[in-house]
1. In the stretch 126-135, how many are buried (at least 17 other Cβ atoms within 10 Å of the Cβ) and in contact (Cβ under 8 Å) with a residue 40 or more places away in the chain?
2. Given the criterion on the phi > 0 side of the Ramachandran plot and not β-branched (Val, Ile, Thr), identify the matching residue among 35, 60.
3. Does the stretch 136-147 hold any residues that are more than 10 Å from the ligand (Cβ to nearest atom) and buried (at least 21 other Cβ atoms within 10 Å of the Cβ), and which are they?
4. Being in contact (Cβ under 8 Å) with a residue 12 or more places away in the chain and either in contact with a Cys (Cβ under 8 Å, 6 or more places away or on another chain) or of a type in the set (Asp, Glu) (or both) is the requirement here; does residue 79 meet it?
5. Among (1) open to solvent by less than 30 Å² (accessible area, probe 1.4 Å); (2) in contact with a strand residue (DSSP E or B) (Cβ under 9 Å, 6 or more places away or on another chain); (3) closer than 19 Å to residue 215 by Cα, where does residue 105 come up short?
6. Among the listed residues 119, 150, 162, 155, identify the single one that is within 13 Å of the ligand (Cβ to nearest atom), open to solvent by less than 50 Å² (accessible area, probe 1.4 Å), in contact with a helix residue (DSSP H, G or I) (Cβ under 8 Å, 6 or more places away or on another chain) and outside any helix (DSSP H, G or I).
7. Kindly provide the set of residues from the stretch 168-187 that are open to solvent by less than 60 Å² (accessible area, probe 1.4 Å) and either at pLDDT below 95 or in contact with a Pro (Cβ under 9 Å, 6 or more places away or on another chain) (or both), ordered by number.
8. Within the stretch 99-116, how many residues turn out to be part of a loop (DSSP other than H, G, I, E, B) and away from the ligand (no atom under 12 Å from the Cβ)?
Amino acid sequence: MNETDLILKNKFDVEFVLIEPSHPGNIGACARAVKNMGFNKLGLVNPVNFPADEAFYRAKGASDLLDNAIIYSSINEALAEKTLVLGTSARERTIPWPNTFTNKIFEEVSGLDGNNKISVLFGREKSGLTNEELQRCHMHLKIPSSEEYSSLNLSHAVQIISYELRNALLTDIDVPIKEDIPLSTDEEDEFLLKHIDEVLLGLDFYNQNSSRQVQARIKRLLKKARPDKLEVGILRGFLSKIEEMLNK
Ligand code: SAH
């Protein structure tokens with residue numbers, strides 16, 4: 001294995017996650033795309049038909065990724081330990097989210113500590129990712145395809161994004177690390193969001209603000225901030241104090 005591939009495998013933990021893929025052929029083609037670009041992790045959330053021969057035919061020399069694919073039964077399971085979640089989508093939905101074109105991804109991953117666990121989410125062939133799933137992401141990636149027909153085949157999208165990510169992560173090797181404390185995981189973010197929700201309910205906040213998509217906007221605020229573990233802990237402590245006062 002050459003040095004480039006070793007760096008990618010050892011320094012960065014990147015999992016390509018397909019949410020409810022329906023065609024086993026696509027799963028195989030995705031495994032091949034991922035391995036071609038020097039990554040080795042494939043996650044499948046509730047695949048419709050897997051394992052299947054068709055997947056192995058299409059994977060060719062990447063069948064090891066299919067053998068080792070992690071099958072998740074929910075997105076929570078897939079994301080629990082991840083510190084950076086990138087969602088992919090051909091079109092904008094609900095409230096605008098932090099997003100970038102795939103060829104600009106370098107700016108987003110530069111200076112990332114190698115201890116980060118990165119998940120790249122891909123949607124269903126027919127309907128893509130749901131709004132709820134897209135709101136779990138720190139950032140949305142869009143392949144700058146034609147506006148007239150923007151949606152690529154799933155495995156083609158995986159190919160382009162894994163290629164861009166490979167280039168971005170490899171160019172990044174000499175950039176100084178910016179973090180002092182590790183970033184929070186998706187699960188920690190989810191607990192914080194639930195805690196905020198409970199306190200807002202306790203304060204009867206939603207009644208006056210029902211039309212403002214408060215929850216989605218708070219999620220977006222958190223994802224934009226990319227807080228670290230300590231910051232999340234401070235916010236949780238702060239919320240607990242408010243709860244204490246409310247319960248008095
Ligand atoms: N018909 C669906 C698209 C499904 S394509 C829709 O309109 O949402 C399957 C998946 O491939 C998408 O969920 C996304 O993960 C990826 N994909 C396809 N085209 C893309 C593009 N232009 N940019 C980023 N991801 C894309």
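The values are calculated or read from the model by the stated rules, or taken from the named source; none is laboratory data. Here the structure is a predicted model, which means the values were calculated and not measured. All Cβ positions, even for glycine, are placed from backbone atoms using ideal geometry, and neighbour counts span all protein chains on display. All accessible areas refer to the heavy atoms of the entire protein, side chains included, with ligands and DNA or RNA removed. Shrake-Rupley method; radii C 1.70, N 1.55, O 1.52, S 1.80 Å.
1. 4
2. Unique residue meeting the criteria: 60.
3. 136, 137, 138, listed by residue number.
4. Here the answer is no, as residue 79 does not meet what is asked.
5. (3)
6. 119
7. 168, 169, 170, 172, 175, 179, 181, 183, 184
8. Residues in the stretch 99-116 being part of a loop (DSSP other than H, G, I, E, B) and away from the ligand (no atom under 12 Å from the Cβ): 7 in total.
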